[in-house]
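Working notes, beginning with the structure itself.
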Amino acid sequence: MTDDKQIKLTEYSRGSGCGCKISPAILKEILKTTEDLPPQEGLLVGNESSDDAAVLELENGDCIISTTDFFMPVVNDAYDFGKISATNALSDVYAMGGKPILAVAILGWPVDKLPASLAQQVLEGARFTCRMAGISIAGGHSVDSAEPFFGLAVNGMVKKENLKRNNTAQEGDHLFLTKPLGAGILTTAHKRGVAKQEDFELAISYMSTLNKVGEALATLNGIAALTDVTGFGLIGHLIEMCDSGRLSASLDFEAIPVIPNLSLYLDQMIYPDMTMKNYSSFSSLCSSMNAQQLFTLCDPQTSGGLLVAVREDDIKNYIEIAHAFGLQGIGDKCIGKFVAPAHKVVMIN
């Protein structure tokens, strides 16, 4: 009988985590449509803005948030894989300022290659994370697939006045990031067997940390825009916040938090394939980047942090909430600012 502990889940998939995402350029082609659909009554957020989730207004100012996210193993441990996948899926609700209320599981499992006991551990990890979010996994769907994958479909609730969008920042708003960058680099190093255990455990800790701060930030009028940083890297999601060139953003690269010892892996040219796909999609919209900036800012994040646009007069209140959620030294550092449209959408200083 195979020892579950000896099985490395990442060996059974081509990609991993949010690095599995289809490249931005190809996704744009896929989403093209000639269908002229009538507007849906009450639909506040749909496909038009590449936001984190769909939002439908109900009655009395209540809105339901709907999202789904799943991917192939980013770590070898099944329980950790379940925790990270669930954390990542729930993040889309928090990124809209919402509170999760319901989740159902999405599981693909190569039953001829991997034991069912491992899939059970994946679900256990996800159940733990959902319990931390105050909800249950109430059902789901599974298929026999060529590669393992797991995720959740999640619903959440938010008051209309507290709903946060990804494209509503204004000139002069300040940028903050609630988790350090580098998850894609660390997980790639782990897959190659060269990641230091303490570095990788720290990456797992960040990837498993819920972005619950988003729900608390929703009550601040000064939170101008909100999104989470995942497979398109900080650059890709920041460009979405700039809303097709309506704004530009100036980034202070040295202020951006990164996972400690990241340079150790960059010096070995360790990075996910998705990094260069991101760069290819976004480079024309950005000022020139050196190698360190490119591999950090285009690094696909799995279960990354929230990218927060804060109006200047509410920065103090934002920082108080960030500190209440233990984000001292990371989420309280301003990493940039939205500015008037310039020759590039994102300028790296």
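Which pairs have Cβ atoms under 8 Å, sit 6 or more apart or on different chains, and link a residue in region 331-349 that is of a type outside the set (A, V, I, L, M, F, W, C) to one that is open to solvent by 60 Å² or more (accessible area, probe 1.4 Å)?
From residues that are of a type outside the set (A, V, I, L, M, F, W, C), the pairs are GLY331/PHE325; ASP332/HIS323; GLY336/ASP252; PRO341/ARG246; LYS344/LEU285; ASN349/ASP252.
Just to confirm my filter: which helices (runs of 4 or more DSSP H) fall fully inside region 166-243 and include at least 1 residues that are farther than 30 Å from SER13 by Cβ and within 15 Å of the chain's Cα centre (by Cα)?
213-217, 233-241
Among the residues of region 82-93, is there at least one that is over 26 Å from PRO272 (Cα atoms) and either at pLDDT 75 or above or charged (D, E, K, R) (or both)?
yes
I want to confirm something. Restricting to region 112-137 and keeping residues that are out of contact with any helix residue (DSSP H, G or I) (no Cβ under 7 Å at 6 or more places or on another chain) and open to solvent by less than 50 Å² (accessible area, probe 1.4 Å), which single residue is nearest to ALA78 (Cα to Cα)?
Restricting to residues being out of contact with any helix residue (DSSP H, G or I) (no Cβ under 7 Å at 6 or more places or on another chain) and open to solvent by less than 50 Å² (accessible area, probe 1.4 Å), the top hit is ALA119.
Restricted to region 261-282, and to residues that are in a loop (DSSP other than H, G, I, E, B) and open to solvent by 70 Å² or more (accessible area, probe 1.4 Å), which residue is farthest from PHE295 (Cα to Cα)?
ASN261
Might you let me know whether region 302-309 holds any residue that is of a type in the set (S, T, N, Q), in a helix (DSSP H, G or I), in contact (Cβ under 8 Å) with a residue 24 or more places away in the chain and over 21 Å from GLY245 (Cβ atoms)?
No, every residue in region 302-309 fails to be of a type in the set (S, T, N, Q), in a helix (DSSP H, G or I), in contact (Cβ under 8 Å) with a residue 24 or more places away in the chain and over 21 Å from GLY245 (Cβ atoms).
Looking at SER288, is it over 23 Å from the mean Cα position of the chain (by Cα) and under 24 Å from ILE185 (Cα atoms)?
So SER288 fits the description; yes.
Which one of these does VAL45 not meet: (1) among the aliphatic types (A, V, I, L, M); (2) at pLDDT 75 or above; (3) closer than 29 Å to ASP299 by Cβ; (4) open to solvent by 20 Å² or more (accessible area, probe 1.4 Å)?
Here VAL45 meets the rest and fails (4).
The values are calculated or read from the model by the stated rules, or taken from the named source; none is laboratory data. In this text, all values refer to a predicted model and were calculated from it rather than measured experimentally. Counting neighbours? That spans all protein chains shown, and the Cβs are built from the backbone with ideal geometry, glycine included. Remember, those area values only see protein heavy atoms, side chains included, never the ligands or the DNA or RNA. Shrake-Rupley method; radii C 1.70, N 1.55, O 1.52, S 1.80 Å.
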